[in-house]
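Remarks on the structure that follows.
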Amino acid sequence: MLIPALPQGIHDLLGRNTHPGLQIDKYARSWDDQHGYPGKLSEHVQRPAVEEVVKRSTQAPAGLDFQGLAKRRDEMLRVLGAESFCCVSTGPLTLHLARASALENAGICLHPIYGFAYLPGSGLKGMARAYAETVWLPAQYQRNKDGGFLNEEEKQKAQKAWRLIEDIFGWAPNKDRSCQIEDERHPAERRYEQEGDRESPEIIACTGSVVFHDAWPLQWPRLFVDITNCHHRKYYDGTDDADAPGDWEDPIPVYFLAVKPGTQFSFAVSKRRPDVDPALVKRAREWLLGALCHLGAGAKTAAGYGAFEPVEGTAPKLDSSTRRTFEATLELVTPAFLAGASQQREDCDLRPATLRGLLRWWWRTMHAAHVDVKTLRAMEAAIWGDTTQGGAVRITVSRDSGSPFQAIEVPFKTQVTGRDGGPKLVLDQQFAKNHGIRPAQGFVTQPLFYLSYGMDEIVKEEDGRKRRRRRYCVLHGARWVVHLAVRGSTYEVLNNLGQVICSKPISADEVLSQAKAALRLLTCYGGVGSKSRKGFGSLEVISSSGDAPPPVERTPEDCKEVAKKFRKACGLREQSQRDPESPALDSMLGPIQLNTMSCDPWLALDRFGSAVQQFAQAEESTGHGKHCESKIALGLPRQVHGPRDEPLAHQNRSTHRRPKPLTCCKGTRHSSPVHCHFSKDANGALVARVVAFPARYLPSTTESRKFLEEYLEYLKKAPIVPVPKSGDTVDAVLLAEKTKAGGWRAKSVDGVLEGHIINNDDVPARTNPGDKVRLIVASPNRMNSSFRWPTARDDKPAKKPAPQERPGSPGGRHAGGFRGGGPPRRH
């Protein structure tokens, strides 16, 4: 059992602690009283520790009058004549992650006395100065192509603007200022007691004229446990070509504390002395507000953390010659299994950190075949950042208020009691009826279950009890507004000592083109959330602030050209095609397209899953079906044979083989090299677009390519749309052509069935030709079909007929035994 590393006599007093800061710094349960140091701090120590802090921060401790404290602060600021304003966080906020603490990267800035999260004035001053120097200053004068002053007049403008920055923030005789003064392209200059008189005494150092006060929350702020996953730790920590960013690594979760979005904070700036010009205070307020809105506060700002907007008024315009912005509205085409640390409804949303990680993955595919790992790492740092330099791309994500947003538990399974008396999950019949999904027959796993394996399952706890573990998903139709803010960057080449031996400037336009290309690849071939490579979480661009995206068929070539220009800007020579360890756009197979003939995402996923399942469960003689070890090319973990040591009731004991887990030289894990993305055709029907990346270790590039080519060829020919049977529900369009008797005719969206509606009296009066409706198949004859308009009686469950005695089957039970869905299996 984990306990705090404190003397036994203190343990009994810990329950009295109400201070969240003491809980995380002093009282974390980090010692195993039986086995000593537990190792794996994030899994065994860090998460329970931060969860304990969250419990203690849900409200102000008993006896602490937070509102009274806030009023005293407001009165103090009023007496000082401070400029105050309020901002609300639009994303999570975390700061001081790397401060000295008992836990790694789990700290947060909590008031040392009262224990609530706040933003220290020192940090606010720093970010305001960063905004003034990097965003505001470049917009005050014109530069030549070398980055110097265009002429003497522009130089004077720049020097005047720089003096304003120093007047507000102050200056000191440090190395940075000395370098700025010596740099002919920088407006910094020596300051004298008599401005402009170089004979008067020089002012070596000066305090700033404006005080930046701590920002307090208006209400006691609520903390929550957040998570970040590092998927390629060896790659990011490396300095050579040894560790490529492969899909075989296990993600390393790191849990930390953050303030919930929607928290309001009060900010204030005031004069340091009574004689300070009020205009300086107003300018400082302007810069601070700009920094909050455009740079972000605290840590992880490039991943959307620390984003703010003013409670009153609008955010200041980003007027800078060194920054570029891009905005796109993304719509969810298929349901997405999104989650944060808790995997509950409240964190089932698209997180900027999730989107950023996916953009980095797709960005690497554009370059992996042309550079070595060391160069790829340096290029990635120039765009997305690393541990030594911040990313040049900042991503914020917000929900589109005009679109529906609904997060629900996995809806297509229902729990019943199995033959062994334990819980069992089967297809929800009402769900299947509502979406026109045909239940799988016999012992075949429902295709929708096959694609979503692990999202809703019965799991066995350590104590042997079984429980249902069910994920949440965001339903299709949800929209998010993605905002990219980019700045210029530098591509740096380091020697073995970590010293910069070559650097190339990268313009903001070049950085933005890289980010947009990655977003284009994601929205053409990828998805977000768990099971995104199976077709879940597909996104499409609805609108954007920039140029219209190119057609899908041009996307790979366009992105390759963008990538080539970036490598040229970095001073890299084009190399011949390589055999990269990580996925590369140059070796991508496909895309192939499969029209599911359905506008319903659940039905489209089930139909696509049927084609995938047929390939993987074909006869062993095909070389890719049951019991075939060649299916390692589809990713790991995966096992053949089984699924259990002992044969199931329907399996032949004489031919049964024990399960065999497949492995590659990198271990037992390797993400699928196949990506499925769903998009809509002109009629709104969903089309599955499939691509594949040959993988060096599944088990080799040559074998992987051969298998994946066969797989894509199979999918192109697979019968993805089954002929509906009587009683099935189908999407259809009402036709303008009527029957001779004036009745309605309809055609299924997939074009398979066309015919008349037999119960025209039940069709609503306001129905018009061209309306998309859902009908029930009465007769599935392809030559002359008929439909029924759904009525209230169709929603009532059918009565089960009484069992009848059959010869050789006592009690009316079928002699063949149990027929059901069987346990979900992955082959």
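Each reported figure results from applying straightforward, stated rules to the coordinates on display, with no laboratory input. None of these values were measured; they are calculated from a predicted model. Don't worry about glycine lacking a Cβ; one is built from the backbone with ideal geometry, like all the others, and counts go over all protein chains shown.
Below are the figures for this structure:
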item: Charge dipole (debye, nearest 20) of the chain; +1 at Cβ of Lys and Arg, -1 at Cβ of Asp and Glu; result: 2840 debye
item: Dipole moment magnitude, nearest 20 debye, the range 693-798 about Cα centre, only Lys, Arg, Asp, Glu C-beta charged; result: 100 debye
item: Cα-Cα over 27 Å, subset of 534/560; 374/565; 374/516; 260/282; 55/125; 160/271; result: 260/282; 55/125
item: Inter-part distance where the range 468-530 and the range 605-642 are each reduced to a Cα centre, Å; result: 33 Å
item: Under 5 Å, built H, 5+ apart or other chain: amide partners of residue 215; result: 119, 121
item: The range 49-126 - percent relative contact order, Cα under 8 Å, separation 6 or more; result: 16 percent
item: Rounded if a/c under 1.5, otherwise prolate or oblate - the range 280-431, Cα gyration tensor axes; result: oblate
item: Whole-angstrom gap from the range 689-730 to the range 400-449, using each part's C-alpha centre; result: 24 Å
item: Loop-resident sites, the range 692-765, for GluC sites (Glu not before Pro), counting at most 13 other Cβ within 10 Å (DSSP); result: 737
item: Calculated [θ] (222 nm, deg cm²/dmol) that DSSP helices of n ≥ 4 give over the chain, each run adding -39,500 (n - 2.57); result: -7500 deg cm²/dmol
item: Relative contact order computed over the range 253-391 (Cα-Cα under 8 Å; 6+ residues apart), in percent; result: 13 percent
item: Per DSSP, loop GluC sites (Glu not before Pro) in the range 605-700 with at most 15 further Cβ within 10 Å; result: 619
item: Net dipole in debye of the range 649-698 [+1 Lys, Arg Cβ; -1 Asp, Glu Cβ; about Cα centre; nearest 20]; result: 400 debye
item: Net charge, residue 663 excluded, C-beta distance under 12 Å - Lys, Arg +1, Asp, Glu -1; result: +3
item: Residue-count net charge about residue 119 - beta-carbon cut-off 12 Å; Lys, Arg +1, Asp, Glu -1; result: 0
item: Selected from 4, 21, 136, residue furthest toward positive end of dipole (the range 1-151; charges at beta carbon); result: 136
item: Interchain or long-range residues, amide H under 5 Å from residue 410's placed H; result: 471, 473
item: Residue 494 long-range amide H proximity, modeled H, under 5 Å; result: 501
item: q = 0.07, 0.08 Å⁻¹, the chain: log10 I(q)/I(0) [Debye, one scatterer per Cα]; result: -0.67, -0.86
item: In the range 66-144, trypsin sites (Lys or Arg not before Pro) in a DSSP loop with at most 13 other beta-carbon atoms within 10 Å; result: 99
item: Global geometry of the range 729-795, whether rounded, prolate or oblate, following the gyration tensor of its Cα atoms and the 1.5 cut on a/c; result: rounded
item: Residue order, fewest to most beta carbons within 10 Å, for 733, 397; result: 733, 397
item: Footprinting exposure proxy for 186, 675, 232, 44 (fewest neighbouring C-beta atoms within 10 Å first); result: 44, 186, 232, 675
item: Within-9-Å neighbourhood charge of residue 569 [Cβ basis; K, R +1; D, E -1]; result: +3
item: Normalised contact order of the range 729-795, rounded percent, pairs of Cα under 8 Å and 6 or more residues apart; result: 34 percent
